[in-house]
Amino acid sequence: MHDLNLITQNYQKYKYYLEIRNENPSIIDQVLEINKKRKELINQINSLRSQKNKISDQIGKRQYSNEEERQNLIHQSNTIDQNLKELEPVLSEIETNIRNLLLNIPNIVCEDVPIGKDSNDNVVVLQEGDLPSFDFDPLPHWQIAENLSIIDFERGVKLSGSRFYIMKGKLAKLQRALINFFLDYHIQKHNYKELYLPFIVKRHCLEGAGQLPKFEDNLYKDSEDDMWLVPTAEVPLTNIYKDEILPIDVLPLYYVAYTPCFRKEKIAAGKDVRGIKRGHQFDKVELYKFVLPENSDQELERLVQDACDILRALELPFRVVKLCSGDLGFAAAKTYDIEVWAAGSKEWLEVSSCSNTLDFQARRANIRFRRTPTSKPEYLHTLNGSGLALPRVVIAILENFQQKDGTIHIPKNLIPYTGFEKIELNWKY
């Protein structure tokens, strides 16, 4: 959540950020208008309280000439009390309205982010690895899955509805192996510390991470208890230090965590309907950093490379895309997407989105640090990125490592985790 004073002092700049994000800048005007009313009301309330204090002081010190004057002072005090009783709830409502408006304003945009309207204006900054070539027509993963009987789409739908599926046999183990491989790699190679997190969180966690209120329609919740299934491990990771002040010597903090993720994917009819590319439930290993403000841009570049290292280890061709202003996520000030090539589908699939949120999430979750024991607390910066997201890595392995005989070879660095070198037809029912 943005600082109200900063918006008031720099409102034209904030309106510009909204414009280049393709958002309506009029929300800034609403904030300014309501804040003006808030200030007027605060002045009015403070004036009434000052008057009441003077009257109370007069009565307490018996600064009146007779009983009639005393009763008049009491009457004035009671009138002020009544006025305050009427005005204070109005102020509370105005402050709630301002907070709700601030919660709906996305992050600012870093200066080096390309200005653009949508994904067509994103910029490829790196492409690495040779695209695989075949002496046969490579199949998309859903055909491979059917041929090898490793995904049951129909029974997944029977259990839970559309966009659910069952992984079977060696594919299920491949999925589990990838999760363990990702975690071990980031712990051993990149010095992240592993956390095992709750998969259900309270509303304030989603507000702190920037998921609420904007994305409420995309989230699964238990309305009775106000508990929410996590759409990403970013949500609980953001909030583990909510309302805390950290000593500077613990920063930076690097965390890695696995969670299943739950989202109400809203997809246009006929788009991405085949296979396991988009689902309401998927697995993801998340990377998260709490860092000093002056280091966050450099930390983002390192975060991107940490995620890319996984694809290098799996020998998968990938590219890094710098998102333009109009394609940025709500909480991100700067983002790189990492996309892996899927040879059968013949498309680039996003497997990680690495973002610097600056102090946006830290303000919403009230996470600060002190440079010295006596210095004023400052908001730190937070960064997040997938390291990596499934099942799209599974898709890339199935499609890029498929063989002419229909089997799937396993990347060599993954074999110690799978315990097998290839996937073949070995599931009859």
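Note on GLN63 and GLU33: with the Förster distance fixed at 35 Å, the Cβ-Cβ geometry gives a FRET efficiency of about 0.25. Computed from the C-beta positions of ASN83 and GLU23, the FRET efficiency with R₀ = 25 Å rounds to 0.05. Think of each Lys and Arg Cβ as +1 and each Asp and Glu Cβ as -1; about the Cα centre, that makes the dipole of region 106-169 roughly 580 debye.
Between the listed residues VAL124, PHE136, ILE94, the Cα displaced farthest toward the positive end of the dipole of the chain, a dipole computed from Cβ unit charges relative to the Cα centre, is found at ILE94.
As a proxy for reagent exposure, PHE369, PHE182 were ordered by neighbouring Cβ count within 10 angstrom, fewest first; the result is PHE369, PHE182.
Relative to the longest principal axis of the Cα atoms of the chain, the long axis of helix 169-190 makes an angle of roughly 60 degrees. In this rough spin-label picture, where each label sits 7 Å from Cα along the Cβ direction, the LEU425-ASP249 distance is 6.5 nm.
Could you name the lysines whose alpha carbon sits less than 30 Å from that of LYS54, not counting residues in the same chain fewer than 8 places away? Reachable lysines: LYS36, LYS37, LYS39, LYS85.
Pairs spanning more than 19 Å between alpha-carbon atoms, out of LYS173/LYS346; LYS173/LYS221; LYS214/LYS266; LYS173/LYS422: LYS173/LYS346; LYS173/LYS221.
How far is it, in nm, from the label point at ASN97 to the one at ARG274 when both lie 7 Å from their Cα along the line to the Cβ? So the two model labels end up 5.2 nm from each other. Simple rule: put +1 on each Lys or Arg Cβ and -1 on each Asp or Glu Cβ in the chain, find the dipole, and look at GLN82, ASN10, ASN147; the Cα lying farthest toward the positive end is GLN82. Listed by chain and number, the aspartates and glutamates whose C-alpha is less than 14 Å from the C-alpha of LYS117, apart from same-chain residues fewer than 8 away, are GLU19, GLU23, ASP327.
Averaging over all projection directions, the Cα-based convex hull of the chain occupies 26.7 nm² in the image plane.
Given R0 = 22 Å, the distance between the Cβ atoms of ILE74 and GLN44 translates into a calculated FRET efficiency of 0.50. When you filter the GluC sites (Glu not before Pro) in region 56-132 for DSSP loop state and at most 16 other Cβ atoms inside 10 Å of their Cβ, you are left with GLU111. Principal-axis analysis of the Cα atoms of the chain puts helix 296-313 at an angle of about 20° to the longest axis.
Among the listed pairs LYS193/LYS242; LYS158/LYS202; LYS242/LYS376; LYS189/LYS412, those whose Cα-Cα separation exceeds 21 Å are LYS158/LYS202.
Rule-based calculations on the coordinates, nothing more; no lab input. The model shown is predicted, which means the values in this text are computed figures rather than measured ones. As a convention, Cβ positions derive from the backbone with ideal geometry for all residues, glycine included, and neighbour counts pool all protein chains shown.
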